[in-house]
Amino acid sequence: MSNRDLLKGTSIYTISGVLTKAGSIIILPLLIRYLTPSEYGVIGALTPIVQIMSTILICGLNVAQMRNYNLNKKNETIGSYIFTLNTFIILLSITMYFILSNDFAKRLWGYIFDLGEINFSYIKAYIILGSLDALIFMAISYFQMEKRYKRIGIGSIVSFIVNFGLTFLLIINFKMGVTGRILGILAGKLFLISVHYLNYMKNSKFKFRKDFLKDSLAIGTPMILTGLLGTLINYSDRIILAKFSSLEVVGYYSLAYTGGLILLVFIDSFINAWTPVFYDKIEKNKKDKSLVNTIEIFIAGLVLVAIAGELFSKEIIYFIFPTNYYNTVDYLPYIISSSVLQGFVYYLSLFLFHFKDNKYTSIVSGLSAGINILINIIFIPRYGVMVAVWSTIISFILSVTIYFTIIRVKYKFSFKYIKLISIYLLSLNPLIIYLFESNIGLINFLLKLLYFAVALIIILRWTDAKNSASI
């Protein structure tokens, strides 16, 4: 794939992602007018279930499928390969649902959530949503390798329309609250099943191969722990806040996380397009400079989006959101900055996946998640919700530092570390926090524009220095 193909792939992913995620942000003020902070907190507290379930059920097989795609295409075994992996996922999904939705499981769920405030049927619904996500990820990863970007992009947009269309119909016209939101999400995922997954499964061949499953699980299984631990880093704070604080606070915090959606869209779209390019390049030439230089453009783009969000989201929240959601602004700049660090993690992980050192991702994720959860459990009851945002930032910084060390020491790839750190710090420093927290007014708005302009000039000059030596 050429750089033009990479740009095309990233652009299509980004445009469709921005349309859907930005659309979510644009219509969010309307949605929260019909949901109380506590109701929004229920949705925020249960969201980790989808991530955890999809991570467990997919068993990293989407990664194995992408890695083995070319080999199976060449040997014409792709049909039985697809059938084998998906049969395993479907059987595992059915088994996990019955394990997690019976009366005994309900008592265990009660130790995590207050089932007096969160209906158990909501938990069961989110388990199903996680199962559907696992199947959708398998289909999308296949289409990524086939470079069918338009199919993925258009599917995302239509799914978004179905999702929120039904959500508003049920919430506004039928006063269904949280139930209406869950049914809207379900409808969007069922649409993707019909247009992506069923089309993907047409390529399958009714033949189960134990050797395919064994080989793929060997590649993918370490991803379960990595994915779960990553989810804990991202979402454990909401569960702990729900336990030690209130669903109303979880609602504010979850809404603040929406500010990081655009960054996550860019991260996902770039990584999805870069992954096949990365594998091609590193297999042909492990000294290809683009393997390490591309991260500068990637992080620079993330930081620019982050700075824009940090500087101007306060005005957006105050002018558009209901007054009972104003507390959201307290957490937003930190959460946005943590999303930039997440971009580092995604990019650097590709090196470990290529060298089949998934054990390191599990170890690093476990350490980071453990520190994150420990900080939250100890300090949230004492100091409140700001502990959650800083624990996330600390966890990601730890992961990024260890990944850089492993990649330099073991694989001999060296990055421009000081430049990358400097670019990141443009998104998190006392000045930008001061500007974010300053009162809304013309002078402060102009100061924010000045900061963004200076940051843009600095980033353009730094990323243009293509031939500068690695630190």
At 7 Å along Cα-to-Cβ for each site, give me the label-to-label distance between LEU450 and LEU425 in nm. 2.1 nm
In 10 Å bins starting at zero, report the fraction of Cα pairs in segment 294-340 per bin as a rounded %. 26, 45, 22, 7, 0
Are there any helices in the chain, counted as whole DSSP H runs, that stretch 27 Å or more along their axis by Cα and score at least 0.5 on average by Kyte-Doolittle, and if so which? 3-32, 37-58, 78-100, 120-145, 149-168, 210-244, 261-284, 290-320, 332-354, 358-383, 386-411, 442-464
Histogram of C-alpha separations across the chain, 20 Å bin width, %: 23, 60, 17, 0
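Ignoring ligands, DNA and RNA, how do LYS284, LYS419, LYS448, LYS147 rank by accessible area with a 1.4 Å probe, largest first?
Of LYS284, LYS419, LYS448, LYS147, the descending order of accessible area is LYS284, LYS147, LYS419, LYS448.
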Spin-label model distance (nm) - PHE244 vs ALA308, 7 Å beyond Cα toward Cβ: 3.6 nm
Gain upon complete extension [ASN285, TYR417; 0.36 nm per residue less C-alpha separation]: 45.3 nm
Strictly over 23 Å apart at the Cα level, which of LYS74/LYS284; LYS287/LYS356; LYS73/LYS412; LYS147/LYS210; LYS281/LYS356; LYS210/LYS410 would you flag in this model? LYS73/LYS412; LYS147/LYS210; LYS210/LYS410
With all protein chains present, calculate the accessible area of TRP462 using a 1.4 Å probe and round the result to the nearest 10 Å². 90 Å²
Of the accessible area of segment 128-200, computed with a 1.4 Å probe and all protein chains kept, carbon and sulfur make up a percent value of 73 percent
With +1 assigned to the C-beta of every Lys and Arg and -1 to the C-beta of every Asp and Glu, and no other charges, what is the dipole magnitude of the chain about the Cα centre in debye, to the nearest 20? 1520 debye
Calculate, for the chain, the solvent-accessible area per residue in square angstrom, rolling a 1.4 angstrom probe over the heavy atoms of the protein chains. 44 Å²
Computed, not fitted: 222 nm per-residue ellipticity of the chain from DSSP H runs ≥ 4 (each -39500 (n - 2.57)), nearest 500, equal to -28000 deg cm²/dmol
What translational D, rounded to a whole number of µm²/s, comes out for segment 43-136 from Stokes-Einstein when the hydrodynamic radius is the Kirkwood one over Cα pairs, at 37 °C and 0.692 mPa s? 224 µm²/s
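According to the square roots a ≥ b ≥ c of the eigenvalues of the Cα gyration tensor, what is the shape class of segment 81-182, taking rounded for a/c under 1.5, prolate for a/b larger than b/c otherwise, and oblate for the remainder?
Oblate, since a/c reaches 1.5 and b/c is not below a/b.
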ARG238, ARG382, ranked by accessible area, largest first (probe 1.4 Å): ARG382, ARG238
Semi-axes a, b, c in Å (a largest) for segment 275-314, each sqrt of 5 times a Cα gyration tensor eigenvalue, come to 32, 9, 4
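Which number comes out as Rg/Rh for segment 347-471 once both Rg and the Kirkwood Rh are worked out on C-alpha atoms?
Reported Rg/Rh, Kirkwood definition of Rh: 1.06.
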Accessible area in the full protein assembly, largest first, 1.4 Å probe, for ASP330, ASP133: ASP330, ASP133
Say R0 is 45 Å: what FRET efficiency, to the nearest 0.05, do LEU71 and ASP103 get from their beta-carbon distance? 0.45
At 1.4 Å probe size, with no ligands or nucleic acids counted, give the accessible surface of ASP268 in Å², nearest ten. 70 Å²
At 1.4 Å probe size, what's the solvent-accessible area of LYS356? Round to the nearest 10 Å². 140 Å²
Report the Cα centroid-to-centroid distance between segment 353-390 and segment 240-316 in angstrom, as an integer. 18 Å
Simple spin-label estimate for TYR326 and THR179 in nanometres, 7 Å along Cα-Cβ: 3.5 nm
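The values are calculated or read from the model by the stated rules, or taken from the named source; none is laboratory data. What you see is a predicted model; the values in this text were computed from it and never measured. Note that we place each Cβ from the backbone using ideal geometry, even for glycine, and neighbour counts take in every protein chain shown. With ligands, DNA and RNA removed, areas are computed over all heavy atoms of the protein, side chains included. Shrake-Rupley method; radii C 1.70, N 1.55, O 1.52, S 1.80 Å.
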